[in-house]
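One structure, pasted below without further comment.
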Amino acid sequence: MRDKWAAVIAFILCLTLQPAGAYAANTFESNYTYDYWADAVRSLPAFEWVTTLDSGKMGKIKMESVDDVYVSKDRIFLVDSVESRVNVFDSDLRFLLSIKLVKNEHGKFVVDPETNKQLMLNQPEGVFYSDALEELYIADTGAERIIVLDGKTYVYKRTIEKPENMPGVTPFKPSKLVVNKEGKISVVVQGSYEGIVEINRDGSFFRYFGLNKPRVNVADYFWKSIATNQQKEKMKKIFAPSFNNVSIDSEGLIYATTFDSSAKDRVFRFNAKGENVLITYGWPVIGDLHYMSEQDYSRFVDIAVTDYGVYALLDKTRGRVFLYNFEGEIMNIFNSSGNLKGNVRNPTAIAWFGDKLIVADKQFGVAHIFQPTEFGQAALEAEKQYLNGNWESAGKAYQDTLAQNANYEIAYTGVGRNYLMQDLYEEALYYFKLGNSRHYYSKAFAEYRNLFIQQHFIWFVVSFVLLAGALLYSEYRYNRKHG
Amino acid sequence: MSGMMADGKYMFYVLFHPFEGFYDLKFARKRNYTIPTVIMLICGVAGILGYQYTGFILNRNPLFAMNSITLFLTTLFPYLLFLISNWSITTLFDGNGTMGDIYIVISYSLVPKLIFDLAGMIFSNMIIQEETALLHAFEAIGTVWFCFLLFCGLCVVHEYKPLTNVVTLVVSFCSAVIIVFLSMLYFTLLGKVFGFIHTVFIELTKR
């Protein structure tokens, strides 16, 4: 008898064991996405490799590395810090020219009057082309200056060196930069803990910009709170983590990334005050949600933003590209590091080229161009239409994505939203449930419940009357019995 | 069977008259564990039901990963842990309640909580997000009732003054933590020992 009970209990305990293989889902190398429960689920890639920009397209000039990419209306600029060049392609991917020595308006090379040497790029790391000002900005990192050229003729315009009124201790080594429509330059200096440097159009210092909050350890906080001032002086200071890249959208809002492990947020969208106003309705925007070790998290090296709020983040750890929509929900994860066409080893920059993406690799000295797949096209179209308020076409595009990729969770909500706008509540409820959107489900359910009560109002009345009648009758009977 | 019916009727008397009810349960009435055990089982099943059938708006559980046996055990685990810790403490604090007394008190006190939780589960399918606060308030009635019954019941069966009862409750909470800690320690060490034996075995066989 006892053995029998022991066997039953052992059997029950065995039933509590979790099914094996739960972690197998997290080993996808690429082409996956995260669902509501942060599980990795398979997904179609939103982008596929089409072609590569490399030395082969440039005649005798070599391209040893690509550190930054900027796409203007009609040109692509690639920065090569090894050869110290800025290479320019047109939008048909034809090589136009390569800038190393800078010419003045007479067609002669510019000479520095102090040192009597030619003005030559020295390990530049960043480039920006301002369509509004028609100026080309090159962050000449090795020489600690920013060189401004004319956008049409590539003629030397001016040099911006370290502003005299700039406070702070970090050396002025501009690495990445963006310029807004008024000509204000925002510069990222690698390893600087003061923030993004903002420089006026005339080259004077304006301010440090952007708040990158460090994560505070509870134990550290406790010890700091009870330490005396003398002790505090000897403790290691916590510095604000540095930004490593910066981008600007069509409205002039500045986006930035950091991969410092001590940073609280990884991706920033700054308002004018320098606060992070990135919308995150989904999972936190940190790339991969699961990693095996502390060193394994996604390190974002660059961000590319579209006019309709979709942004792509480039991850150095795994060579992946993470696509998020305006509301911070993950759309797609594709690409990986490796040796296949389009794969990267040391990715440095990402930029939108129309609806295509350019991903640059420093180690191979190439820039890969990716075009949206059929699924990607539908997904981008849906976000575009949704942000512009075209609900019906957005709903249709979301339907298209679902036809191809049933794991695309945002689309269920998107389709449901369209049904909700058309007052088709039952369909909306069905899709919101699939999309795990409790917020919208609640809205649709409120309407559905109202309709239900209106249509079945007679039954509510009947049951109320019956209940009241039963109560009255029992009172009456009780009173008659007990006088 | 008629005895069980009487017990069932008496249970509802206890819910509204905890002091008298638990006193009679301990001293006057014949002890029967059928109804308490049934309540405990229903409580475990309610845990499973709550996981699956709570309305979508409040239900964030991954239903595809549901394991009803685990749910059943994890729902009952805190009550059984409290049963053991409270009994082990009150024996030291001169409590007169036996393990059986505490078991009956816990299970009878669970009845209102069970009813309100199950009703809340049904209502959760009819509400929207703005009304969740109301639902939580409704379920809180059951929980408060449960706490009140448990407190009265323990006072009665252990023959404690309220203050002593509070002290023993605090201490039994601490002891519950210690029990969990010790059992985890025990199982980890056991695992390590088995791991060691396993390694030695592999080492010997693969030589």
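Nearest 10 degrees is fine. How inclined is helix A:391-404 to the longest principal axis of chain A, computing both from alpha carbons?
Long axis of A:391-404 versus the principal axis of chain A: about 90 degrees.
Work from the charge dipole of the range A:391-483 (Cβ charges, +1 for Lys and Arg, -1 for Asp and Glu, about the Cα centre) and give the residue of A:Phe460, A:Tyr440, A:Leu471 farthest towards its positive end.
Going by the charge dipole, the pick is A:Leu471.
Could you quote the convex hull projected area for the range B:131-173, Cα atoms only and averaged over all directions, in nm²?
For the range B:131-173, the mean projected area of the Cα convex hull comes to 3.4 nm².
Next question. Shielding of B:129-138 by partners, i.e. mean partner chain Cβ atoms within 10 Å per residue?
Working: counts 7, 3, 2, 1, 0, 0, 0, 0, 0, 0.
Taking all residues of B:129-138 together, the mean is 1.
Scan chain B and note any complete DSSP helix (H) whose C-alpha atoms cover at least 30 Å along its axis and whose Kyte-Doolittle average is 1.0 or more.
Values: long enough: B:68-92 (37 Å, 1.41); B:99-123 (36 Å, 1.44); B:132-158 (38 Å, 1.75); B:162-205 (63 Å, 1.76).
Both cut-offs are met by B:68-92, B:99-123, B:132-158, B:162-205.
Check cross-link reach from A:Lys4 to the lysines: straight Cα distance under 21 Å, and skip same-chain residues fewer than eight apart.
Filter leaves no residues.
Further, regarding this structure: Just the number, please: carbon plus sulfur as a percent of the accessible area of the range B:2-205, 1.4 Å probe, no ligands or DNA/RNA counted.
Details: 8800 of 11500 Å².
Result for the range B:2-205: 77 percent of the exposed heavy-atom area is carbon or sulfur.
May I ask you to work out the translational diffusion coefficient for the range B:5-55 at 4 °C, viscosity 1.567 mPa s, via Stokes-Einstein with Rh from the Kirkwood sum over Cα pairs, reported in whole µm²/s?
Estimated via Stokes-Einstein, D reaches 104 µm²/s.
Here's a follow-up. So what's the range B:86-163 giving for Rg/Rh, alpha carbon basis, Kirkwood Rh from the mean inverse pair distance?
For the range B:86-163, the value is 1.16.
Suppose a student asked you for the relative contact order of chain A, using Cα pairs under 8 Å spaced at least 6 residues apart; what percent would you report?
For chain A, the relative contact order is 12 percent.
Leaving out ligands, DNA and RNA, calculate the buried accessible area for the pair B and A with a 1.4 Å probe, summed over both sides, in Å² to the nearest 100.
1600 Å²
Pairs A:Lys173/A:Lys237; A:Lys73/A:Lys100; A:Lys57/A:Lys103; A:Lys176/A:Lys384; A:Lys57/A:Lys341: which exceed 26 Å Cα-Cα? Before the final figure, lay out each step's value.
Working: A:Lys173/A:Lys237 23 Å; A:Lys73/A:Lys100 23 Å; A:Lys57/A:Lys103 24 Å; A:Lys176/A:Lys384 28 Å; A:Lys57/A:Lys341 17 Å.
Exceeds cut-off: A:Lys176/A:Lys384.
Could you tell me which of B:Gly8, B:Thr164, B:Ala65 has its Cα farthest along the dipole of the range B:2-205 towards the positive end, charges placed at Cβ (Lys, Arg +1; Asp, Glu -1), taken about the Cα centre?
B:Gly8
Rolling a 1.4 angstrom probe over the protein heavy atoms, how many square angstrom per residue are accessible across the range B:15-162?
Working: 7300 Å² over 148 residues.
In whole numbers, the range B:15-162 has 49 Å² accessible per residue.
Ok, one more. Write down Rg/Rh for the range B:45-202, rounded to two decimals, with Rg from the C-alpha atoms and Rh from the Kirkwood relation over Cα pairs. Don't jump to the answer; show the numbers that get you there.
Values: Rg = 19.8 Å, Rh = 18.2 Å.
Rounded to two decimals, Rg over Rh is 1.08.
Just counting partner chain Cβ atoms within 10 Å, what average do the residues of peptide B:88-98 show around their Cβ?
Counting Cβ atoms of other protein chains within 10 Å of each residue's Cβ and averaging gives 0.
Heavy-atom accessible area per residue, the range A:403-483, 1.4 Å probe: how many Å²?
Solvent-accessible surface per residue comes out at 69 Å².
A follow-up question, please. Angle, helix A:374-387 long axis vs. longest principal axis of chain A, Cα atoms, 0 to 90°, nearest 10?
80 degrees
Can you find, among A:Thr115, A:Ala256, A:Gly365, the residue sitting farthest towards the positive end of the charge dipole of the range A:34-372, where Lys and Arg contribute +1 and Asp and Glu -1 at Cβ?
A:Thr115
If you don't mind, there's one more thing I want to ask. Can you give the three extents of the C-alpha atoms in the range B:1-138 along their principal axes, from longest to shortest, in whole Å?
48, 30, 29
State the dimensionless ratio Rg/Rh of chain A (Rg: radius of gyration of Cα atoms; Rh: Kirkwood radius).
Details: Rg = 29.6 Å, Rh = 26.1 Å.
Checking Rg against Rh, the ratio lands at 1.14.
Can you list residues whose amide H is under 5 Å from A:Phe206's amide H, if they're 5+ apart or on another chain and H is modeled 1.01 Å from N?
When sequence neighbours closer than 5 places are left aside, the close amide H contacts are A:Glu198, A:Ile199, A:Asn200.
Would you work out the charge dipole size for the range B:1-82 about its Cα centre, treating the Cβ of every Lys and Arg as +1 and the Cβ of every Asp and Glu as -1, and quote it to the nearest 20 debye?
The calculation lands at about 100 debye.
Still on this structure: Once you wrap a convex hull around the alpha carbon atoms of the range A:250-377, what is its projected area averaged over all directions, in nm²? Could you put the intermediate results ahead of the total?
Working: hull surface 33.1 nm².
Over all viewing directions, the range A:250-377 projects a mean Cα-hull area of 8.3 nm².
Further question: Please give the charge dipole size of the protein assembly as shown, origin at the Cα centre, charges +1 on K and R Cβ atoms and -1 on D and E Cβ atoms. Round to the nearest 20 debye.
Numbers: 65 positive and 69 negative charges, 352 e Å.
Result for the protein assembly as shown is approximately 1680 debye, rounded to the nearest 20.
Over the whole of A:441-447, what's the average partner chain Cβ count within 10 Å per residue? Rounded to a whole number, please.
The per-residue average across the peptide is 5.
Placing unit charges on C-beta atoms (Lys and Arg positive, Asp and Glu negative, everything else neutral), compute the dipole magnitude of the range A:34-372 about its Cα centre in debye, rounded to 20.
Details: 42 positive and 45 negative charges, 147 e Å.
Dipole size: approximately 700 debye.
Also, quick follow-up: Run down the lysines and flag those whose C-alpha is under 26 Å from the C-alpha of B:Lys161, throwing out any fewer than 8 positions away in its chain.
B:Lys26, B:Lys30, B:Lys113
What's the ranking of A:56-66, A:471-481, A:125-135 by average number of surrounding C-beta atoms within 10 Å, highest first?
In decreasing order of mean packing, A:56-66, A:471-481, A:125-135 become A:125-135, A:56-66, A:471-481.
So, one more: If you average the C-alpha positions of the range A:241-263 and of the range A:96-170 separately, how far apart do those two centres end up, in angstrom?
Going from one Cα centre to the other spans 23 Å.
Report the paramagnetic label zone for B:Ile141: residues of the range B:41-66 whose backbone N is under 13 Å from a point 7 Å from Cα along the Cα-to-Cβ axis.
Under 13 Å, as judged by backbone N against the label point of B:Ile141, lies no residue of the range B:41-66.
I've got another one for you. Cα axis of helix A:457-481 to longest principal axis of chain A: angle in degrees, 0 to 90, nearest 10?
That helix lies at roughly 40 degrees to the long axis.
Measuring from the lowest to the highest alpha carbon on each principal axis, how far does the range A:391-483 reach, largest first, in angstroms?
76, 22, 18
Run the numbers on chain B and let me know its relative contact order in percent, using alpha-carbon pairs under 8 Å that are six or more apart.
Contact order relative to length: 26 percent.
Take the Cα pairs of the range A:132-265, get the Kirkwood Rh, then feed it into Stokes-Einstein at 10 °C and 1.306 mPa s and tell me D in µm²/s.
Answer from the Stokes-Einstein relation: 96 µm²/s.
The values are calculated or read from the model by the stated rules, or taken from the named source; none is laboratory data. Note that the structure is predicted; figures quoted are calculated from it, not measured. No Cβ is skipped: glycine too gets one built from the backbone with ideal geometry, and neighbour counts run over all protein chains shown. Protein only, heavy atoms only, side chains kept; ligands, DNA and RNA dropped before computing areas. Shrake-Rupley method; radii C 1.70, N 1.55, O 1.52, S 1.80 Å.
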